[in-house]
Ligand code: AMP
Ligand code: MG
């Protein structure tokens, strides 16, 4: 573990806060504040990602070393680590919120592996920072398990995401009011080490211009291009527009994947949007069970449902608009930024075409394919049908001579299944005509690669959380192991690929989550 090499460019190349340590404050003219993780009583490793260990040049022996729990629980530093919290702002639920920053995340440093890849190691729940505002800088076990598992599950699903190296129990309680109803209670605390090439967010670029600080904005943009987008010539007059256009494109690709796999982020505030187009900040996220584009798991957003499943592409576009407005402080000519936003629209349309073709196994795109998918989704919405099970079952339906048995398990409501059958048969007729000249084996193969059999259903994660809270953490790596091969049928693991059980329908943690974490 002590072989990890660090090269901390964010600290070296960007201006920092002259004051060190915690103490809540407004930080002007600086991108970061030096602050060490606050020690915890009894750090204990609950789970690690072996893929992430190996990417960093570590192995399971390192993870078993007591020093690993000390470092990734926040009690010790390796040579070369220089912990800091970064400074950013953001639009929350449509409103400018001012300075937010890493209130409970502390970056340990940027490690460079043998392949020359740069990976930032960041502890979440590591204690107070200048950006903690009124909160404690800590994280509870339940939300940490959710972040650990979903980061890795998304990676295995092929969705761009930040990663997770480890989950460490702190041996300390954290007090939370889970439903903001005056019932605060102690819960076990934990620290996740998350990993990404960069944790820079839209909000990093929004904060300086909100304070009239164009030089800091310029420095951040220049830094981000040079470190994270090295293929863009930072000295070219088009650097900013090329960079922004690529952010737009990557964001469209990311959201396209969310829509493909049925992921609802839950809190798409601009401080939770990565400029690398990575899914970031796993909070009250959820997975679609019965297909409902109006669904959001986030109880804090239950009224307006701003961040509901079907709204995610539009919200991503709105968020990019906020980033564009921030960047306009650098150059009064906004045409290049508008061109960037147009790249989002184009890339998202492409993602919709890809999703239709791949999820339905259509071979190559033809006019009308997106409409074919939209017709199916409209039907699914009324039929109360499980998104994951339906698409997976559709693989085994012969559209030319449909036997609907493979779809049977996907329905939540028998009456709706019967009522929906004529319309489904009609749609299958259109589908049969479309795939008439597609080789059936090709159709099935294409579908198998785009429609996961296993997703991190909310209730599955909650069962693991309940077990871990009761003292048995082994379910975390068990579930992670299922999620390693989400597109494969895994004999013996059928229990992980079932409809949400009825008891979970309205249960806290399974269908409803608050931001309290
Ligand atoms: P989130 O809703 O998790 O994206 O958090 C929004 C802001 O609140 C970010 O600046 C977080 O760092 C901060 N924050 C959330 N939870 C805590 C906490 N327990 N302690 C300190 N800051 C927090
Ligand atoms: Mg956040």
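The values are calculated or read from the model by the stated rules, or taken from the named source; none is laboratory data. All values reported here derive from a predicted model rather than from experimental measurement. Reconstructed Cβ throughout: ideal geometry from the backbone, glycine too, with neighbour counts over all protein chains shown.
For the reader, a short list of remarks on this structure follows.
- Residues in region 268-297 that are within 11 Å of ligand 2 (Cβ to nearest atom), within 18 Å of residue 347 (Cβ to Cβ) and assigned to a loop (DSSP other than H, G, I, E, B): 268, 273.
- Options 435, 455, 482: the member that is within 23 Å of the chain's Cα centre (by Cα) and under 21 Å from residue 407 (Cβ atoms): 455
Matching residues to (1) away from ligand 1 (no atom under 16 Å from the Cβ); (2) outside any loop (DSSP other than H, G, I, E, B); (3) over 20 Å from the mean Cα position of the chain (by Cα); (4) on the phi < 0 side of the Ramachandran plot:
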position: 223; (1), (2), (3), (4): yes, yes, yes, yes
position: 232; (1), (2), (3), (4): yes, no, yes, yes
position: 237; (1), (2), (3), (4): yes, no, yes, yes
position: 244; (1), (2), (3), (4): yes, yes, yes, yes
position: 249; (1), (2), (3), (4): yes, yes, no, yes
position: 266; (1), (2), (3), (4): no, no, no, no
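- Entry remark, region 274-301: residues being within 18 Å of residue 93 (Cα to Cα) and more than 16 Å from ligand 1 (Cβ to nearest atom) number 2 in total.
- Count of region 381-397 residues which are surrounded by fewer than 14 Cβ atoms within 10 Å (Cβ to Cβ) and assigned to a loop (DSSP other than H, G, I, E, B): 1
- Selection over region 94-116 of residues that are part of a loop (DSSP other than H, G, I, E, B) and either touching a strand residue (DSSP E or B) at 6+ places or on another chain (Cβ under 9 Å) or under 26 Å from residue 141 (Cα atoms) (or both) gives a count of 6.
- Take the conditions (1) touching a helix residue (DSSP H, G or I) at 6+ places or on another chain (Cβ under 7 Å); (2) buried (at least 23 other Cβ atoms within 10 Å of the Cβ); (3) in a helix (DSSP H, G or I); residue 40 misses just one of them, which is (3).
- Sole residue being on the phi > 0 side of the Ramachandran plot and not in a strand (DSSP E or B), chosen from 212, 171: 212
- Restricting the first member to region 117-140 and to residues that are farther than 18 Å from residue 193 by Cβ, and the second to residues that are more than 11 Å from ligand 1 (Cβ to nearest atom) and at pLDDT 95 or above, the beta-carbon pairs closer than 6 Å and six or more apart or on different chains are 130/25; 130/27; 130/33.
- Residue in region 165-184 that is touching a helix residue (DSSP H, G or I) at 6+ places or on another chain (Cβ under 7 Å) and either within 30 Å of residue 355 (Cβ to Cβ) or within 13 Å of ligand 2 (Cβ to nearest atom) (or both) present: no
- The residues of region 117-161 that are under 25 Å from residue 253 (Cα atoms), in contact with a strand residue (DSSP E or B) (Cβ under 7 Å, 6 or more places away or on another chain) and more than 12 Å from ligand 1 (Cβ to nearest atom), listed by number, are 118, 119, 120, 121, 148, 151, 152, 154, 155, 159, 160, 161.
Yes/no per residue for (1) closer than 24 Å to residue 31 by Cα; (2) crowded, with 24+ Cβ neighbours inside 10 Å:
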{"residue": "117", "(1), (2)": "yes, no"}
{"residue": "121", "(1), (2)": "yes, yes"}
{"residue": "132", "(1), (2)": "yes, no"}
{"residue": "155", "(1), (2)": "no, no"}
{"residue": "172", "(1), (2)": "no, no"}
{"residue": "180", "(1), (2)": "no, no"}
{"residue": "195", "(1), (2)": "yes, no"}
{"residue": "198", "(1), (2)": "yes, no"}
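- When we screen 89, 73, 98 for residues that are within 16 Å of ligand 1 (Cβ to nearest atom) and either surrounded by 17 or more Cβ atoms within 10 Å (Cβ to Cβ) or not assigned by TED's automatic domain parsing to the domain that holds residue 152 (or both), the only hit is 89.
- So residue 205, is it modelled with pLDDT of 95 or more, within 21 Å of residue 326 (Cβ to Cβ) and surrounded by fewer than 21 Cβ atoms within 10 Å (Cβ to Cβ): no
- The single residue among 453, 430 that is surrounded by 18 or more Cβ atoms within 10 Å (Cβ to Cβ) and touching a helix residue (DSSP H, G or I) at 6+ places or on another chain (Cβ under 9 Å) turns out to be 453.
- Residue 319 surrounded by 15 or more Cβ atoms within 10 Å (Cβ to Cβ), in a helix (DSSP H, G or I), touching a residue at least 60 places away in the same chain (Cβ under 8 Å) and in contact with a strand residue (DSSP E or B) (Cβ under 9 Å, 6 or more places away or on another chain): yes
- Applying the criterion of being under 13 Å from the mean Cα position of the chain (by Cα) and not in a loop (DSSP other than H, G, I, E, B) to the residues of region 157-168, the residue that is surrounded by the most Cβ atoms within 10 Å (Cβ to Cβ) is 164.
- For region 329-339, the criterion of being surrounded by fewer than 22 Cβ atoms within 10 Å (Cβ to Cβ) and under 21 Å from residue 255 (Cα atoms) is met by at least one residue.
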